[in-house]
Amino acid sequence: MYYRFADMYRWGLGRTDIPHSKSARGIMEWAAAVEEVLDQLHINECSIVAHSAGAPYALSFANRAPNRIRGDLCLLAPWIGGSEGGKFL
């Protein structure tokens with residue numbers, strides 16, 4: 001299937017040569033992309049499991065659309081960004 005979000009959110013991940021600015025593909029924009037995918041697929045609720053660096057993205061979506069989360073938010077070995085100065089929280 002072809003969806004509109006396929007064009008809106010082709011961010012050039014992996015080895016693609018699609019040029020996009022980094023400001024157009026942040027964590028908050030990813031949450032918007034997930035919400036649009038769910039809307040296009042007519043999915044009202046979902047569960048979230050995130051591993052490592054996926055944790056900030058999962059939390060961003062959960063913060064954006066808490067009414068769409070079904071069950072617990074499961075974070076497996078969540079990664080914490082580098083701005084903490086190497087301290088564990």
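The values are calculated or read from the model by the stated rules, or taken from the named source; none is laboratory data. Values in this document were obtained by computation on a predicted structure and should not be read as measured data. Ideal geometry is used to build each Cβ from the backbone, glycine not excepted, and the neighbour counts take in all protein chains shown.
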So which helices (runs of 4 or more DSSP H) are wholly in segment 1-73 and hold at least 1 residues that are exposed (fewer than 13 other Cβ atoms within 10 Å of the Cβ) and at pLDDT below 65?
5-8
Filtering segment 74-89 for residues that are touching a strand residue (DSSP E or B) at 6+ places or on another chain (Cβ under 8 Å) and modelled with pLDDT under 90 leaves a count of 2
Positions within segment 41-78 being in contact with a Lys or Arg (Cβ under 7 Å, 6 or more places away or on another chain) and not hydrophobic (A, V, I, L, M, F, W, C), in sequence order:
N44, E45, S47
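Residues being touching a strand residue (DSSP E or B) at 6+ places or on another chain (Cβ under 7 Å) and closer than 15 Å to M28 by Cβ: count how many of those fall in segment 43-60. First the steps, then the outcome.
Restricting attention to segment 43-60, the residues satisfying the condition of being touching a strand residue (DSSP E or B) at 6+ places or on another chain (Cβ under 7 Å) are 45-51, 55, 57-58.
Adding the requirement that they be closer than 15 Å to M28 by Cβ leaves 55, 57-58.
Total satisfying the criteria: 3.
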